[in-house]
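Okay, so here's the structure we're looking at.
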Amino acid sequence: MSNITIVGGGLVGSLLAIFLAKRGHSVNVYERRPDPRKTDVYAGRSINLVVSHRGWTALRAAGVEEAVKAITVPVYARMMHDREGNLNRVPYSIDNKAIWSVSRGELNRRLLSEAEKLPNVKLFFDHRCVDVNLENATCHFQREEGDHVVVKADVVFGADGAFSAVRSKMMWGRFTYSQEYIEHDYKEVAFPANADGTPKMDPHCLHIWPRRWFMMMGLANQDGGFTGTLFMPHNATAQSPGFDTVREEKEVRKFFTEQFPDALPIVPDIVEQYLRNPQSSLVIIRCNPWQVNGKVALIGDAAHAIVPFYGEGMNAGYEDCKVLNDLLNEHGDDNWAEVLHRYAAARKPNGDAIADLSLRNFVEMRDLVADPKFLLRKKIEGYIQAKHPDKWLPLYSQVKFSDIAYKDAWNEGLRHDRIMEEVLAMKGVEEKWESEEVERKVLGLLKAGK
Ligand SMILES: Cc1cc2nc3c(=O)[nH]c(=O)nc-3n(C[C@H](O)[C@H](O)[C@H](O)COP(=O)(O)OP(=O)(O)OC[C@H]3O[C@@H](n4cnc5c(N)ncnc54)[C@H](O)[C@@H]3O)c2cc1C
């Protein structure tokens, strides 16, 4: 059995520790921040996440599905709020499938506690990785108190997020890397529950206020409240306000009054929260290779930081863990060079694909969900899927409710676009979308290999 160092005890590092410890390895997790179970390291940045199919598959394989389910809220549909406050509910699937809302802080605390139950896991907080020797898997950690800790292992995993110190060291060698900030930043606002603890909106929907160039969304917490996130350009453009132009109290109040009038009564202090809460940026990181020397590997956001619009960053990281575990089953626990090589080869194309898919879904969420043509397309896809489930699985379902490789989903999504473009161009399709004619058209295009 191997001595493993995991750098980063966040969402992915904590699950990876459970997987590897259950295989019998000796696992030491070094986390830069204090223990989140003792201090509120997530204050003001808690951000709700959705766990979906791939996440659950991995959590189940690690034996912690039930422990996590207990802190989630199922979400079955998008609820769109227009500027007039009208609502439009669009289910995520035709067969009532859910994604699951969870607080990032709660999830991290739960997984750390599950990891700590295992006798061969040790958690070290306040340990910031400052250097890694890639040849001999030795990490250097700086402690708050000033002392320096050196740890040699058989294998090191960099699960230290988008700004990974492990990856920084890998960049000293032959390494391809790109870092792209998107134009949009985000800010969190808390939506309170009613005085009796009941929710003010349907908790089983992801609430979206799409405004074409910017948007707000809200995901339910278990306490009846919601965590809202406003995504808006860093700098205003001709089409859109930006965080740089919505700054003073008067501007902020005007902005929410005009853009999100139905949110104001639900969150009476939304302006104060906006002014108080931090503004964060969104980055896409792509890199290659994900492992060196069969001794040091990247996992989770350290390997593939993506924008959050498919809600798949963590789910993809959990799938990384599951794939790694499957490869260890296949190739044995003492064959790290082979396993890490195969892990990187299997996951890298999927990391790239989910980065592309996530950007694509941003356009869908902020813009298309308010577009009647897009809503018609969703209805047609649901109709075809219901009649031919073996032939048509909408892209969203491929990503959120299946194990289909992200790269295959991306290609299939492009094919669907080509087919739907022709279907939506059919004369009178608005009236006859549920007809045999439309069905025949889709089947014909599928058969023609469109
Ligand atoms: C607004 C927003 C919404 C999102 N929504 C979703 C969603 O709905 N569903 C989803 O699946 N994903 C979502 N994501 C993505 C998700 O948050 C990330 O993919 C996930 O957190 C990645 O986990 P990780 O453990 O790889 O990285 P992180 O969660 O960033 O954890 C990295 C850990 O490493 C530690 N660390 C960093 N540097 C060092 C160092 N030098 N030494 C030691 N420790 C270090 C950090 O303190 C941290 O604890 C969202 C992201 C954002 C920004």
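The values are calculated or read from the model by the stated rules, or taken from the named source; none is laboratory data. Predicted model only: the values in this text are computed from it and were never measured. Note that we place each Cβ from the backbone using ideal geometry, even for glycine, and neighbour counts take in every protein chain shown.
For segment 295-318, the condition holds for at least one residue, the condition being that it is more than 16 Å from the ligand (Cβ to nearest atom), crowded, with 16+ Cβ neighbours inside 10 Å and not β-branched (Val, Ile, Thr). Is it the case, given these coordinates, that residue 360 is over 30 Å from residue 433 (Cα atoms) and in a helix (DSSP H, G or I)? So residue 360 does not fit the description; no. Does any residue of segment 266-273 turn out to be modelled with pLDDT of 95 or more, within 16 Å of the ligand (Cβ to nearest atom) and surrounded by fewer than 20 Cβ atoms within 10 Å (Cβ to Cβ)? Yes, some residue in segment 266-273 is modelled with pLDDT of 95 or more, within 16 Å of the ligand (Cβ to nearest atom) and surrounded by fewer than 20 Cβ atoms within 10 Å (Cβ to Cβ). The residues of segment 82-114 that are of a type in the set (Asp, Glu) and modelled with pLDDT of 95 or more amount to a single one, 114. If residue 256 passes every condition in (1) in contact with a Leu (Cβ under 9 Å, 6 or more places away or on another chain); (2) in contact (Cβ under 8 Å) with a residue 60 or more places away in the chain; (3) surrounded by fewer than 22 Cβ atoms within 10 Å (Cβ to Cβ); (4) in a helix (DSSP H, G or I) but one, which one does it miss? Among (1) in contact with a Leu (Cβ under 9 Å, 6 or more places away or on another chain); (2) in contact (Cβ under 8 Å) with a residue 60 or more places away in the chain; (3) surrounded by fewer than 22 Cβ atoms within 10 Å (Cβ to Cβ); (4) in a helix (DSSP H, G or I), residue 256 violates only (2).
Listed by position, the strands (runs of 3 or more DSSP E) enclosed by segment 152-235 that each have at least 3 residues that are surrounded by fewer than 22 Cβ atoms within 10 Å (Cβ to Cβ) and in contact with a Cys (Cβ under 9 Å, 6 or more places away or on another chain) are 176-191.
Contact annotation: residue pairs with Cβ atoms under 9 Å, 6 or more positions apart or on different chains, pairing a residue in segment 152-179 that is assigned by TED's automatic domain parsing to the domain that holds residue 305 with a partner that is among the β-branched types (Val, Ile, Thr) and assigned to a loop (DSSP other than H, G, I, E, B), are 157/299; 158/299; 159/299. Selection of segment 277-294 for residues being buried (at least 21 other Cβ atoms within 10 Å of the Cβ) and closer than 28 Å to residue 190 by Cα yields only 282.
Screening residue 195 with (1) within 16 Å of the ligand (Cβ to nearest atom); (2) farther than 17 Å from residue 308 by Cα; (3) aliphatic (A, V, I, L, M) gives one miss only, at (1). Among the conditions (1) surrounded by 14 or more Cβ atoms within 10 Å (Cβ to Cβ); (2) within 13 Å of the ligand (Cβ to nearest atom); (3) not aliphatic (A, V, I, L, M), residue 144 misses just one, which is (1).
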